[in-house]
Amino acid sequence: MALDIPQRYQLKIERVAQAQHITTDEAIDRILDAGLEQFALPNVDSPVSYASLFGAAKSGYGSREAVDRAVAEMRDEW
């Protein structure tokens, strides 16, 4: 897929590339990845896995029951 980058973004992309010492193509790639993550779209090359999330939550809360309580509390706050 070829992209036509609007003129209004070109200077900003060049500044990102210069600041990170990368090419503009690499900057565009990173910007697109960050944008897709923001919209919670999985990267095609690395599918989303929630296993590490639950592992981290379990180790942080101590048990599955504690994780369930914490999740229920977070849902109630929404």
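Of everything in the stretch 5-19, what is assigned to a loop (DSSP other than H, G, I, E, B) and over 16 Å from D29 (Cβ atoms)? Give them in sequence order.
Our first condition is that a residue be assigned to a loop (DSSP other than H, G, I, E, B); within the stretch 5-19, this holds for 5-6.
Passing the criteria: only P6.
Any residue in the stretch 58-77 that is surrounded by 12 or more Cβ atoms within 10 Å (Cβ to Cβ), under 19 Å from the mean Cα position of the chain (by Cα) and either part of a helix (DSSP H, G or I) or at pLDDT 75 or above (or both)? No: the stretch 58-77 contains no residue that is surrounded by 12 or more Cβ atoms within 10 Å (Cβ to Cβ), under 19 Å from the mean Cα position of the chain (by Cα) and either part of a helix (DSSP H, G or I) or at pLDDT 75 or above (or both).
The values are calculated or read from the model by the stated rules, or taken from the named source; none is laboratory data. Since the structure is predicted, the reported quantities are computational estimates derived from the model, not experimental observations. Backbone-built Cβ (ideal geometry, glycine too); neighbour counts: all protein chains shown.
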